[in-house]
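Written out below as structure tokens is the structure these notes cover.
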Amino acid sequence: MKGIQGKKVLVTGGSSGIGQAIAIKFAEYGADVAINYYRNRDEAEATEDALNWCRRQVQQHGGKDILVQADVSKKEDVDGMFDAVIGEWGTVDFLINNAGIQIAADSHELDVEKFTRVINTNTIGAFMCAQRAIQHWLSEDKAGVIINVSSVHQVIPKPRFVGYSVSKGGMQNLTRTLALEYAGRKIRVNGIGPGATVTPINRAWIDDPEKKAMVESHIPMGRAGESEEMAEASAFLCSDFAAYITGQTLFVDGGLTLYPDFRTAWSSE
Ligand code: NAI
């Protein structure tokens, strides 16, 4: 894809799901990829397998990879990650803010610590990474692109996931505000808004045919999205084909943000 070959891209949360697909897609298009991963004890083994698989795929496409451990919700980790990547490559061209979590609970019972954890990871983490990337581009007077992996829930409320909805709503304004602030300095900032996508974050329904059919019954196009589809949209927004696009969120959602309940004219007839 035009403008991706030879570029350096940092993908947060790149060891699984959408982030992993993005890492591999950019390698397919000729970029070098820094794969950020985050391990906790519970997911260590699964993450390691996924990480190694991702790394082999990137290398298979000729991309040079960097593996970089960091918890994006911690400033010292974010700084360490950027120091490591820029130290090794000398630069970074694209930042993909993909790392994200969600926690379910009735809002009136939600532990404030859990609410904060989601915001710290999804929104503040994305901001801290964006800040480091922008500082680098300004100091080198070079161009850069940020993609925020947001969600349809940046505009659709998500009961029982209030931290998640708030974090993604914040991401929309993060995208728009940074885009406006740096538009005149060769920096573009866009988002993608995935709909229901087959990844580990949705382990509650992806392997259960009945639950999956129920989820898909709500989607106008009748199926869940694939990580590769999110990766293509991210690559497009980083590419030269999107050179005049900034501040936008591209929803990749099979029509989920089109108010599916209005498929029939129940409100007027
Ligand atoms: P996933 O659970 O496979 O990926 C999330 C990644 O973020 C994991 O690799 C995880 O290790 C990493 N991560 C979590 N906390 C982190 C932290 N503190 N520091 C660094 N990395 C951390 O799930 P998926 O679906 O691939 O999610 C990726 C992004 O896509 C998330 O931001 C999510 O909100 C968004 N998204 C996903 C949708 C879906 O249906 N799968 C729909 C809409 C948005």
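The values are calculated or read from the model by the stated rules, or taken from the named source; none is laboratory data. This one's a predicted model, so the numbers in the text were calculated from it and none came from an experiment. Positions of Cβ are generated from backbone atoms using ideal geometry, with glycine treated the same way; all protein chains shown enter the neighbour counts. The accessibility values were calculated without ligands, DNA or RNA, using every heavy atom of the protein model including side chains. Shrake-Rupley method; radii C 1.70, N 1.55, O 1.52, S 1.80 Å.
Restrict the check to the range 193-202 and report whether at least one residue is in contact (Cβ under 8 Å) with a residue 40 or more places away in the chain, more than 9 Å from the ligand (Cβ to nearest atom), crowded, with 17+ Cβ neighbours inside 10 Å and β-branched (Val, Ile, Thr). Working first, answer last.
Filtering the range 193-202 down to residues in contact (Cβ under 8 Å) with a residue 40 or more places away in the chain leaves 193-197, 199-201.
Adding the requirement that they be more than 9 Å from the ligand (Cβ to nearest atom) leaves none.
Among the residues of the range 193-202, not one is in contact (Cβ under 8 Å) with a residue 40 or more places away in the chain, more than 9 Å from the ligand (Cβ to nearest atom), crowded, with 17+ Cβ neighbours inside 10 Å and β-branched (Val, Ile, Thr), which makes the answer no.
Every test in (1) of a type in the set (Val, Ile, Thr); (2) over 16 Å from Ile101 (Cβ atoms); (3) modelled with pLDDT under 95 is passed by Thr47 save one, and that test is (2).
Filter the range 1-35 down to the residues that are assigned to a loop (DSSP other than H, G, I, E, B) and within 14 Å of the ligand (Cβ to nearest atom), then identify the one that is surrounded by the most Cβ atoms within 10 Å (Cβ to Cβ).
Of all residues in the range 1-35, those assigned to a loop (DSSP other than H, G, I, E, B) come to 1-7, 12-16, 29-31.
Restricting the remaining residues to those that are within 14 Å of the ligand (Cβ to nearest atom) gives 12-16.
Values: Thr12: 27, Gly13: 27, Gly14: 33, Ser15: 27, Ser16: 23.
The qualifying residue surrounded by the most Cβ atoms within 10 Å (Cβ to Cβ) is Gly14.
On inspection, Phe251 passes the criterion of being part of a strand (DSSP E or B) and among the hydrophobic types (A, V, I, L, M, F, W, C). The single condition from (1) at positive phi; (2) within 14 Å of the ligand (Cβ to nearest atom) that Thr116 fails is (1).
Rundown of residues vs (1) open to solvent by 70 Å² or more (accessible area, probe 1.4 Å); (2) within 15 Å of the ligand (Cβ to nearest atom); (3) within 20 Å of the chain's Cα centre (by Cα), yes/no style:
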| position | (1), (2), (3) |
| --- | --- |
| Gly62 | no, no, no |
| Ala84 | no, yes, no |
| Ala99 | no, yes, yes |
| Glu109 | yes, no, no |
| Val112 | yes, no, no |
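Just checking, does the range 140-159 include any residue being part of a helix (DSSP H, G or I), more than 11 Å from the ligand (Cβ to nearest atom) and more than 21 Å from Gly14 (Cβ to Cβ)? Within the range 140-159, one or more residues are part of a helix (DSSP H, G or I), more than 11 Å from the ligand (Cβ to nearest atom) and more than 21 Å from Gly14 (Cβ to Cβ). If we scan the range 216-225, do we find a residue that is near the ligand (Cβ under 10 Å from one of its atoms) and out of contact with any helix residue (DSSP H, G or I) (no Cβ under 8 Å at 6 or more places or on another chain)? Looking for residues that are near the ligand (Cβ under 10 Å from one of its atoms) and out of contact with any helix residue (DSSP H, G or I) (no Cβ under 8 Å at 6 or more places or on another chain), one finds at least one in the range 216-225, hence yes.
Please enumerate the residues belonging to the range 139-157 that are over 25 Å from Glu232 (Cβ atoms) and either open to solvent by 70 Å² or more (accessible area, probe 1.4 Å) or free of Cβ contacts under 8 Å to residues at least 40 places away in the same chain (or both).
From the range 139-157, those over 25 Å from Glu232 (Cβ atoms) are 139-142, 157; that's our starting set.
Those that are over 25 Å from Glu232 (Cβ atoms) and either open to solvent by 70 Å² or more (accessible area, probe 1.4 Å) or free of Cβ contacts under 8 Å to residues at least 40 places away in the same chain (or both): Ser139, Glu140, Asp141, Pro157.
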